[in-house]
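Heads up, the thing below is written out as structure tokens.
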Amino acid sequence: MIVLDDEIKNKLIELYRTKNIALEGNIIKLIDPQNDKKFKDYLQKCSEKDKDVRRKRLEITKKIQSQNKELLESQEEKDQLMREIQEALEKAEEAKNTALNDLDIMQKRTQFKLINIIVKMAMYIIVGVGISATILYIVAMFSGRDTQIIGSTWSNMFGILLTNAFSIVGTIMGVKYASGKD
């Protein structure tokens, strides 16, 4: 046991009374009050205060440990959510690329169908005009009319129609070649 003289005892009691600073820890158990009731009460207060402080520290430590555990769990949940979001983003990107490819294919198909329709109509018009002009020329020849103007016009028109027909076919072949179609 530790024995303190009266001067030190009085200074410790005064320090507690004025500044609320007391002895802490296991040293309190080792100090002998020596039948000094005032110092014995002081040591009792120090012991109670130390127990309160230790209890509060323990509560704070438990609270902090609990909060740390919750933070770690929420961090794990956040990481899991981030992985799920990343996977969903990758799937969405993949779906977007697939949709864009499908859209591109559909547009090319639509363009190809439209070109086919345009070519057919152009050919029908060329053939129709050619047949109509030929019929008019034949009617003019058999009716005995002057066919010199109609003949040169018919010849020029057929040249233009054939040129346009080959131009359309060449354009279509170029489009097919550029788009990789057979």
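Every read-out reported here was derived from the displayed coordinates using simple, explicitly stated rules and does not represent laboratory data. As the structure is a computational prediction, the values presented were derived from the model and not from experiment.
Fully extended, how many nm does the chain gain between Gln111 and Lys29 (0.36 nm per residue separation, minus their Cα-Cα distance)?
Stretched out fully, the Gln111 to Lys29 stretch lengthens by 19.8 nm.
Based solely on its DSSP helices, what 222 nm [θ] is calculated for the chain when runs of n ≥ 4 H residues each add -39,500 (n - 2.57) and the sum is averaged over all residues, nearest 500 deg cm²/dmol?
-31500 deg cm²/dmol
Distance check, please: which entries in Lys29/Lys69; Lys9/Lys62; Lys9/Lys51; Lys11/Lys51 exceed 31 angstrom between their Cα atoms?
Long pairs (Cα-Cα over 31 Å): Lys29/Lys69; Lys9/Lys62.
Cut-off 10 angstrom, C-alpha nodes, Gaussian network model of the chain. Which of Lys37, Lys78, Lys63 fluctuates the most?
Maximum among the listed residues: Lys37.
Mean 1/r over all different Cα pairs, inverted: what Kirkwood radius does region 60-182 give, in Å?
Result for region 60-182 stands at 21.2 Å.
Once you keep just the Cα pairs under 8 angstrom separated by 6 or more residues, what percentage relative contact order results for the chain?
Worked out over the chain, it gives 13 percent.
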